Amino acid sequence: MIKYVGIMVGGIAIGIILDKMIIAVMENKKLEREKILEKCFGEPMYTSLFSMAEVRDWIKSRETLLQDGAKAIVLQANSETLKGIGKDLDIGNNLKNNLVIAIVDESCKNISDSVLIKYETLDARLDEALSKGNGVLVVEA
């Protein structure tokens, strides 16, 4: 009987250790994906609430770049949405709370300016606009 209790306690301990190892590996992968984004778009701007007004202000301050077919694109950063602006990055689709705003020449997928935003929440208007576009919002001049 004591032998079975020992085996059971040992199994539980191994389960806990494996669980912690899996969590550590997942956290490492998340950090690697975040580093890929930072390498591509620079140091992130951190905010608790990011709003449509802040998107408009960022775009408005770059009005001169919005010419000759260039567009401002706001996207929730994941592998699929980034392909739309010519960035084939292996970051998966589970990296949460990362937003990219970029001025992109759609003909050649050239990015003339961009910013990476790490946020806690989006305001309702911005969240709704991104939801309608499957994580992408295109703003034309």
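The values are calculated or read from the model by the stated rules, or taken from the named source; none is laboratory data. No experiment lies behind these values; they were computed from the predicted model shown. Note that we place each Cβ from the backbone using ideal geometry, even for glycine, and neighbour counts take in every protein chain shown.
Among the conditions (1) within 21 Å of Glu140 (Cα to Cα); (2) modelled with pLDDT under 85; (3) out of contact with any strand residue (DSSP E or B) (no Cβ under 9 Å at 6 or more places or on another chain), the only one that Glu106 does not satisfy is (3). Here is the figure for the range 79-127: residues that are among the charged types (D, E, K, R), under 14 Å from the mean Cα position of the chain (by Cα), farther than 24 Å from Ser48 by Cβ and part of a loop (DSSP other than H, G, I, E, B) total 3.
Rundown of residues vs (1) polar (S, T, N, Q); (2) out of contact with any His (no Cβ under 7 Å at 6 or more places or on another chain); (3) within 17 Å of Ala129 (Cα to Cα), yes/no style:
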site	(1), (2), (3)
Lys39	no, yes, no
Ser51	yes, yes, yes
Ser61	yes, yes, no
Val74	no, yes, yes
Ser79	yes, yes, no
Lys87	no, yes, no
Ile91	no, yes, no
Leu95	no, yes, no
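Yes/no per residue for (1) more than 13 Å from Val136 (Cβ to Cβ); (2) crowded, with 16+ Cβ neighbours inside 10 Å; (3) in contact with a Ser or Thr (Cβ under 7 Å, 6 or more places away or on another chain):
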{"site": "Leu65", "(1), (2), (3)": "yes, yes, yes"}
{"site": "Gly69", "(1), (2), (3)": "yes, no, yes"}
{"site": "Leu89", "(1), (2), (3)": "yes, yes, yes"}
{"site": "Asn97", "(1), (2), (3)": "yes, no, no"}
{"site": "Ser114", "(1), (2), (3)": "yes, yes, no"}
{"site": "Leu126", "(1), (2), (3)": "no, yes, yes"}
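Taking the listed residues Glu34, Glu54, the one that is under 17 Å from Asp127 (Cβ atoms) and of a type in the set (Asp, Glu) is Glu54, with no other qualifying. Just to verify a result, which residue in the range 128-141, among those that are without any contact (Cβ under 8 Å) to a residue 60 or more places away in the chain and not in a loop (DSSP other than H, G, I, E, B), is surrounded by the fewest Cβ atoms within 10 Å (Cβ to Cβ)? Filtering first and then ranking leaves Lys132. Screening the range 71-87 for residues that are among the polar types (S, T, N, Q) and surrounded by 18 or more Cβ atoms within 10 Å (Cβ to Cβ) and picking the one that is nearest to Leu37 (Cα to Cα) gives Asn78. Among the residues of the range 42-56, those that are surrounded by 15 or more Cβ atoms within 10 Å (Cβ to Cβ) and either in contact (Cβ under 8 Å) with a residue 12 or more places away in the chain or in a loop (DSSP other than H, G, I, E, B) (or both) comprise Pro44, Met45, Thr47, Phe50, Ser51, Met52, Val55. The C-beta contact set for the range 108-121 (first residue at positive phi, second residue at pLDDT below 90, distance under 8 angstrom, 6+ apart or interchain) comprises Lys109/Ile85; Lys109/Gly86. Would you check if Ile59 is of a type outside the set (S, T, N, Q), assigned to a helix (DSSP H, G or I) and in contact with a strand residue (DSSP E or B) (Cβ under 9 Å, 6 or more places away or on another chain)? Here the answer is yes, as Ile59 does meet what is asked.
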